[in-house]
Amino acid sequence: MTEDMSRYPLHLEGDDVPMVRFRNVTKRYGPLVVLNQLDLDVSTGEMVTIIGPSGSGKTTVLRMLMTLETIDSGVIYVDGEPLTHMERNGQLLPASSKHIRRIRSKIGMCFQHFNLFPHMTALGNCMEGLVQVLGLSRREAEERSMELLDMVGLAEKRDEHPSRLSGGQQQRVAIARALAMRPKVMLFDEVTSALDPEVISEVTNVIRRLVGAHDLTMLMVTHQMGFAKEISDRVCFFFNGAVEEQGTPTKLFENPERERTQQFLNAVLDAN
Amino acid sequence: MIEWRWHLVWELAPRFVDAAGKTLLAAGGGYSIAVVLGLVLVLAQRTRFHPLTFAVREFVELIRSTPLLLQVFFVFYVGPQFGLVLSPWTAGLIAIGLHYGAYLSEVYRGGIESVPAGQWEAAKALNLSVVRTYRRIVIPQALPPAISGMGNYLVGIFKDTPMLSVIGVTELMHTATAVGAESYRYLEPYTMVGAIFLAISLPAAYLISRFEKWVRRTLGMVK
Ligand SMILES: Nc1ncnc2c1ncn2[C@@H]1O[C@H](COP(=O)(O)OP(=O)(O)OP(=O)(O)O)[C@@H](O)[C@H]1O
Ligand SMILES: [Mg+2]
């Protein structure tokens with residue numbers, strides 16, 4: 001089953017090209033349709049939060065954008081260029097790994113379980129991509145890494161291995177590591193879910209500081225409704241692999257239109 | 001009752017020291033081949049080129065399911081019939097290198113599979129190439145869990161070197177047999193072989209477990 005790609009533009013052009021665009025994106029695992037013809041735009045510098053019930057496809061959206069998953073149909077654009085496809089003789093063809101690597105360099109991601117490299121120090125984790133991917137000298141890489149470790153408040157932990165850091169500290173190193181690569185888009189997948197309640201604010205404070213600073217575009221999946229409400233430019237409520245409802249935090253949390261959104265928010269509020 | 005003759009032991013000592021050196025050389029040489037070959041085999045099995053992964057998997061199975069002795073004979077005696085004439089040493093090293101390479105590839109595979117998927121994903125999110133991901137992220141983490149298996153096979157290859165005596169590699173076993181044939185004394189030579197094997201195997205096993213702990217500590221992977 002091959003899709004007719006001619007209905008998708010080769011590039012996005014115009015004044016308001018979004019930083020990220022999902023067009024008609026479908027993702028299946030066997031018979032299970034996880035994302036169903038998803039359309040979603042994120043503007044440059046925007047902070048968009050994704051909320052929704054378990055299994056609604058929130059993580060999958062981020063993973064596809066990070067190219068950790070392939071897509072079954074549709075196109076994802078990043079910074080005006082297709083990510084999942086590339087242009088060849090005026091047509092969109094599946095992207096080569098070289099093309100994917102080029103576009104992927106614009107994206108960074110933080111994971112629920114941090115995924116720091118356990119055999120490297122905090123500094124080593126931050127320097128790894130700078131030296132091995134961007135080709136910076138060790139001195140430049142160290143300088144840039146230290147700026148970021150400083151920004152997340154962990155300069156003095158530079159020589160510690162992850163096993164000797166708390167969860168909150170590990171996640172802050174992971175954020176520094178991702179930011180060191182200077183991505184245009186940052187993805188956060190439930191970055192506070194694995195943390196003890198008392199250290200959650202260490203991490204949310206770092207994210208809070210990223211908002212508005214630079215023109216970093218952010219896409220965040222979270223179960224922390226209060227944080228989502230406070231920090232987001234826009235909140236998307238996912239249900240069954242599609243955006244059921246989206247809007248400003250005030251509108252979505254205080255005046256949800258859709259019944260499923262109301263039910264979800266009530267259930268979450270009850271649980272707290 | 002046959003009595004133990006110390007003077008024979010002293011007389012034979014130089015020959016046995018020399019033979020022990022050759023045994024170590026055979027074990028070390030075979031192991032070096034196996035360590036590298038095992039890595040090649042495991043990486044080949046993990047490519048997405050299915051004919052290659054299939055061929056390599058079958059090859060590893062074949063090696064693991066047949067006796068080392070047969071493989072030694074095959075390389076040494078069957079090789080020449082296809083125009084591949086090898087000295088006993090070369091044939092012996094190739095045979096044990098292949099044999100243990102197949103086993104080590106399985107040890108490596110276990111080590112690599114013990115590295116969580118999240119590590120691969122983090123490497124990808126940093127845009128590390130596949131080669132760099134292996135070299136910098138996966139192999140260093142696959143190593144500590146693989147070391148005890150690698151150590152077992154190091155001791156194993158050492159203990160299997162007598163197999164090479166059958167094709168004329170003058171290692172310990174070969175020497176002891178030669179002494180027996182010359183002097184009709186078997187007790188001292190074979191006891192000496194046993195003592196030498198013991199004297200090397202036991203400390204080696206201990207050193208390997210120390211080494212494993214040291215690697216874990218060096219990589220910062222102790223809690
Ligand atoms: N590798 C996979 N193979 C099969 N099914 C998968 C796979 N990954 C995810 N799924 C399924 O896809 C659906 C969406 O998963 P996803 O992780 O995106 O949900 P989520 O919205 O992030 O949920 P949660 O809030 O629990 O994290 C789920 O039903 C999940 O079981
Ligand atoms: Mg999820």
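For the range A:157-175: of the residues being within 12 Å of another protein chain (Cβ to nearest Cβ) and over 10 Å from A:Phe114 (Cβ atoms), which is farthest from ligand 1 (Cβ to nearest atom)? Looking at residues that are within 12 Å of another protein chain (Cβ to nearest Cβ) and over 10 Å from A:Phe114 (Cβ atoms), I get A:Asp159. Checked against the criterion of being small (Gly, Ala, Ser) and within 16 Å of ligand 2 (Cβ to nearest atom), the range A:31-54 has at least one qualifying residue.
crowded, with 19+ Cβ neighbours inside 10 Å, in contact with a Leu (Cβ under 9 Å, 6 or more places away or on another chain) and within 14 Å of chain A (Cβ to nearest Cβ): does that describe B:Ala95? Lay out the reasoning, then the answer.
Numbers: crowded, with 19+ Cβ neighbours inside 10 Å: yes; in contact with a Leu (Cβ under 9 Å, 6 or more places away or on another chain): yes; within 14 Å of chain A (Cβ to nearest Cβ): no.
Here the answer is no, as B:Ala95 does not meet what is asked.
When you scan the range A:7-21, do you find a residue that is buried (at least 18 other Cβ atoms within 10 Å of the Cβ) and part of a strand (DSSP E or B), even just one? Yes, the range A:7-21 contains at least one residue that is buried (at least 18 other Cβ atoms within 10 Å of the Cβ) and part of a strand (DSSP E or B). For A:Thr217, the conditions (1) under 15 Å from A:Val61 (Cβ atoms); (2) within 16 Å of ligand 2 (Cβ to nearest atom); (3) away from chain B (no Cβ under 14 Å); (4) of a type outside the set (D, E, K, R) all hold with the exception of (2).
Counting just the residues of the range B:200-219 that are touching a Pro at 6+ places or on another chain (Cβ under 7 Å) and not charged (D, E, K, R), which one comes out nearest to the other protein chains (Cβ to nearest Cβ)? If you could, list the steps in order and put the result at the bottom.
Start the filter on the range B:200-219 by keeping residues that are touching a Pro at 6+ places or on another chain (Cβ under 7 Å), which leaves B:212, B:215-216, B:219.
Applying the additional criterion that residues be not charged (D, E, K, R) yields B:215, B:219.
Values: B:Val215: 10, B:Leu219: 4 Å.
That would be B:Leu219.
In a residue-by-residue description of the range B:32-44, the property of being over 18 Å from the mean Cα position of the chain (by Cα) and not in a loop (DSSP other than H, G, I, E, B) applies to at least one position.
Assess whether A:Met186 counts as being within 14 Å of chain B (Cβ to nearest Cβ), among the hydrophobic types (A, V, I, L, M, F, W, C) and away from ligand 2 (no atom under 16 Å from the Cβ). Here the answer is yes, as A:Met186 does meet what is asked. Restricting attention to the range A:70-104, the residues being within 16 Å of ligand 1 (Cβ to nearest atom) and within 23 Å of A:Leu216 (Cβ to Cβ) number 1. Restricted to the range A:23-138, the set of strands (runs of 3 or more DSSP E) holding at least 1 residues that are buried (at least 16 other Cβ atoms within 10 Å of the Cβ) and away from chain B (no Cβ under 14 Å) comprises A:32-42, A:47-51, A:73-78, A:85-88, A:91-94. Apart from one condition, B:Leu143 fits all of (1) modelled with pLDDT of 95 or more; (2) within 14 Å of chain A (Cβ to nearest Cβ); the exception is (1).
The values are calculated or read from the model by the stated rules, or taken from the named source; none is laboratory data. None of these values were measured; they are calculated from a predicted model. Methodologically, a virtual Cβ is constructed for each residue, glycine included, from the backbone with ideal geometry; neighbour enumeration extends over all protein chains shown.
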